[in-house]
Amino acid sequence: MKMKQQQRKKFREATATEYPRAPFPMCFTEAALEHLLATVGTEPPETGAKGFGPQAVIGFDVVEFDEAGSANANEVVYKPNTEWGSRRQAYHLNQPGESMRLWSGDLHSHPGGFGTPSSKSGKGLGDLGYVEEVFAYNEWMQWFLMPIITGAGTEDVAIHPWVIERGQNGSPPTIYIAEMRVCDVSDFPARLFNPEWEKAASAQKKIEDEEAKIPEKQTIIEAYASRTRGIVSPEFRKRTIAVVGIGAGSYMVEKLVRLCPGRVKICDPDRVEVANLSRTAYTFNDAQTSALKVDALAARLKEVNPFVPVGCFPQKLNDMTTRERREFFRDVDLIIAGTDDFDCQALCNEIAVLFSIPAIFIGIHAGADGGRIVWCLPDETPCYCCVAHDRFVAAQAGTRDKVNLAGAHGSLVDTQFIDMIATKIAVALLERGQDSASGRFFSKMKNRSEIICRCSPDYAWGNALWDALLGDLPKAPRDFAGELKDQALFAMDSIWLKGEFLPGCPVCGKGSKNG
């Protein structure tokens, strides 16, 4: 957004003596403050921006106006555009060296002279409800800066420098009023992190550092990965994969672990039954002891590759607490929705879009005659709701029998055919941008994000698609389509389609683009 004035707009610093004083000042660089006043400070009330600062210190040296969130606001409520905000967080976090920035807080305006943070009015609602959600999904944060502007668009602009501290042991956040300073980044106060998060991060780093000192381990890992050199890059060992649903997809997880990713997290509430054994990686002993699928698979994965940590979450994703869900998706580079439960798939899609995490959705259709794979690279390809919108419509209409996939029956051969194509895509997504065979495969996929897999010649949907694709071939002097179907096309094949963004998609909102 263009600045509306050449010189910094005048303002006054508001105070609130009835609140405790923050233990550090709220600092702005001159440029950051100028941008704030020229955007939020000149617009009608209830517009906002995101602010960032260097990792070692807290304050604002970068302020970015939330154009979409502000445009959708009214003079009563400003709701930040979380999708845009997540992308900006990821952008600043991935900048090299000293250019890297962390999210310091949000800046927004209130109507009239009301410069106090609004109280929580529901989950994520009101200023304080929003901050609670910020802390829930950003475990590293101890402090959140929330300056509020009043008098926006008038000659009496005031900045109320609020600082919010994370509550401990379930207690609500604490509100402070800070002294405001305009200074160089070198004078910003030190950034303090959540001590519980620091303790956990330090313990994990200690484990990793100790493991790295074991020369035998490194030798074994190098030998283990020797035959995949060039297929995946060394960066693959830093990737974290979250898998929701580990029934037929248990073999898929095993194959991914054999490629030596950095970490795998598995989520499934079910226990192993004898009926599962015909097409999964589980054992008869697992079924006899009614072992949790996550525990049984983790034990198998340890036997396969003991150098890949496995996190187990024996709950349905939708039933997790906010803290459990945050832990499951923390630092994840890819989400694999291998579940046949629509509610879990829909939640995976929302989280993928919200936090800009690539995701794959695998559907094995009745009898495993065929299936559909949808992969999503947020902001670049259509989300799952765009591609499988019919399922979302059916769910809203209450017809659950039409949205939960009927894939419980079917042979291991057919389910594995579908899952192996999904595995190929998963590795390609994790390797995008890398100089490896999988990275080059991703480049050549060219946003073909919907894949129809035909295992049987009786798979009606696959047959209909082939008929449509071959329908324009001439029938004279020869029936080319008929010859292809008779002599070349039969089964165990796939069609790769470019998905299309759904106009007005309620999840990704990318309806103006074409896939």
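Figures for the structure shown
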item: Residue that is touching a strand residue (DSSP E or B) at 6+ places or on another chain (Cβ under 7 Å), of a type outside the set (Val, Ile, Thr) and not in a helix (DSSP H, G or I), where the choices are 448, 478, 432; result: 448
item: Residue within the range 209-218 that is among the polar types (S, T, N, Q) and part of a helix (DSSP H, G or I) present; result: yes
item: Residue check for residue 448: without any contact (Cβ under 8 Å) to a residue 12 or more places away in the chain and within 30 Å of residue 263 (Cα to Cα); result: no
item: Subset of the range 452-475 [in contact with a helix residue (DSSP H, G or I) (Cβ under 8 Å, 6 or more places away or on another chain), surrounded by 12 or more Cβ atoms within 10 Å (Cβ to Cβ) and part of a loop (DSSP other than H, G, I, E, B)]; result: 455, 456, 457, 473
item: Total residues in the range 273-304, condition in contact with a Lys or Arg (Cβ under 6 Å, 6 or more places away or on another chain) and over 19 Å from residue 337 (Cα atoms); result: 1
item: Enumeration of residues in the range 104-135 that are touching a Phe, Trp or Tyr at 6+ places or on another chain (Cβ under 7 Å), small (Gly, Ala, Ser) and crowded, with 22+ Cβ neighbours inside 10 Å; result: 104, 105
item: Extreme residue, surrounded by the fewest Cβ atoms within 10 Å (Cβ to Cβ), among residues of the range 431-445 that are in contact (Cβ under 8 Å) with a residue 60 or more places away in the chain and either of a type in the set (S, T, N, Q) or within 25 Å of residue 365 (Cβ to Cβ) (or both); result: 434
item: Residue in the range 322-330 that is of a type in the set (A, V, I, L, M, F, W, C), at pLDDT 90 or above and either assigned by TED's automatic domain parsing to the domain that holds residue 445 or over 15 Å from the mean Cα position of the chain (by Cα) (or both) present; result: yes
item: Qualifying residue in the range 365-381 (condition: closer than 26 Å to residue 123 by Cβ, surrounded by fewer than 20 Cβ atoms within 10 Å (Cβ to Cβ), modelled with pLDDT under 90 and not aromatic (Phe, Trp, Tyr)); result: yes
item: Answer residue from the range 87-116, given it is assigned to a helix (DSSP H, G or I), touching a residue at least 12 places away in the same chain (Cβ under 8 Å) and of a type outside the set (D, E, K, R) and is nearest to residue 128 (Cα to Cα) among those; result: 89
item: Condition check for residue 201: out of contact with any Gly (no Cβ under 7 Å at 6 or more places or on another chain), surrounded by fewer than 18 Cβ atoms within 10 Å (Cβ to Cβ) and not assigned by TED's automatic domain parsing to the domain that holds residue 438; result: yes
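Yes or no, residue by residue, for (1) at pLDDT below 95; (2) under 18 Å from residue 181 (Cα atoms):
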residue: 14; (1), (2): yes, yes
residue: 32; (1), (2): no, yes
residue: 39; (1), (2): yes, no
residue: 54; (1), (2): no, yes
residue: 57; (1), (2): no, yes
residue: 89; (1), (2): yes, no
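The values are calculated or read from the model by the stated rules, or taken from the named source; none is laboratory data. Model, not experiment: these values are computed from the prediction. Neighbour counts run over all protein chains shown; Cβ positions are idealised from the backbone, glycine included.
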